[in-house]
1. So what is the relative contact order for the chain, in percent, with contacts set as C-alpha pairs under 8 Å and at least six apart?
2. Provide the descending list of Cα extents for the chain along its principal axes, expressed in whole angstroms.
3. So if I average 1/r over every pair of distinct C-alpha atoms in the range 172-283 and take the inverse, what Kirkwood radius in Å does that give?
4. Any idea how far apart GLN188 and GLU297 come out in nm if each label point goes 7 Å out from Cα toward Cβ?
5. Which of the pairs LYS149/LYS192; LYS127/LYS267; LYS192/LYS305; LYS7/LYS280 have their Cα atoms more than 19 Å apart in this structure?
6. Evaluated at 20 °C with a viscosity of 1.002 mPa s, what Stokes-Einstein diffusion coefficient in µm²/s does the range 106-153 have when Rh comes from the Kirkwood expression over alpha-carbon pairs?
7. To the nearest 0.05, how large is the calculated FRET efficiency for VAL176 and LYS270 if R₀ is 30 Å and r is the Cβ-Cβ distance?
8. Put a dot 7 Å past each Cα toward the Cβ at SER289 and LYS305; how far apart are the dots in nm?
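Each reported figure results from applying straightforward, stated rules to the coordinates on display, with no laboratory input. Fair warning: this is a prediction, and the values are worked out from it, not measured in the lab. Neighbour counts run over all protein chains shown; Cβ positions are idealised from the backbone, glycine included.
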Amino acid sequence: MSSPNRKVIISCAITGATHTPSMSEYLPLTPAEIERHAIEAAEAGAAILHLHARDPEDGRPTPDPEVFARFVPAIARATDAVINITTGGSTRMTLAERLAYPLTAQPELCSLNMGSMNFSIHPIARKIASWTYDWEREHVEGMEDVVFKNTFKDIRQIMQQLGECGTRFEFECYDVGHLYNLAHFVEQGLVKPPLFIQSCFGILGGLGADPENMLLMRTTADRLFGRENYEFSILGAGRHQLPFVTMGAIMGGHVRVGLEDSIYLAKGVKAKTNAEQVRKVRHILEELSFEIATPQEARQMLGLKGRQNVHLQ
Ligand code: KMH
Ligand code: ZN
């Protein structure tokens, strides 16, 4: 059993592609806003920064490497945090679009979604009184009829193409079957331990945020990989974020917060910055006698290649 003062990696997912501007005036949209939020989150204790890009004009999710290039190098210059670039992008993007910047930047870490699934927040649409930008309503309502495509071939291609660059992965697992998919690729020799498993709860289309499901994911990962071969991290969507990541830490896991996953700091209180969420979860963890991992400690735990081996444009 991990000792109570085990080091906990805090990941922060700065903006994502799921929430839209009308849902929170604090959601970072422009390169300058994403840069500021990310640097503040690192200064607050986030060892890993999970980054998406958005069109500076209207906040629409974009895979454009030129937009990423307007904030990723600046973040890397200002912090020692591990840069984690999404390969998930948005559910509307092609695989080629999703891989465009990761293959250019060859970061230490990329997210990798371990199965096709429904992935939606469409029920929120009816709660939005007015939309700021004309793309938002269809983006949210349209999720009801979109599959987040991650076929075995898609996953294999991401592993092969980015694996050649020395990039390692935050394996985003939204259901227990995704762990078996990961085990399949381990057996194929396409990925090697230490496996960074990001267990995602509370997203419509994936496992619900019930404690029993965290136990299911933890015990299944133990059985498939052996505790010594993986690092368990937890992501709770929306209102589940803080309670779930806290429970996950107590169960020996690392934690992920950020406005990509929840726009709230507390019930009915919107987070003004990503750093607010990092500070809050850090306080909770330190009150429980956990120590927060530095970026270097995270690199060591996850077997990362080091920031000098990245080609941020
Ligand atoms: N935007 C979601 C469809 C990832 O970054 O790889 C998926 C996502 C996961 O954000
Ligand atoms: Zn993401």
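1. 25 percent.
2. Cα spread of the chain along its principal axes, largest to smallest: 50, 41, 39 Å.
3. Hydrodynamic radius (Kirkwood, Cα only) of the range 172-283 equals 14.4 Å.
4. Distance between label points: 3.5 nm.
5. Too far apart for the 19 Å limit: LYS149/LYS192.
6. 166
7. With R0 = 30 Å, the Cβ-Cβ based efficiency is 0.40.
8. 4.0
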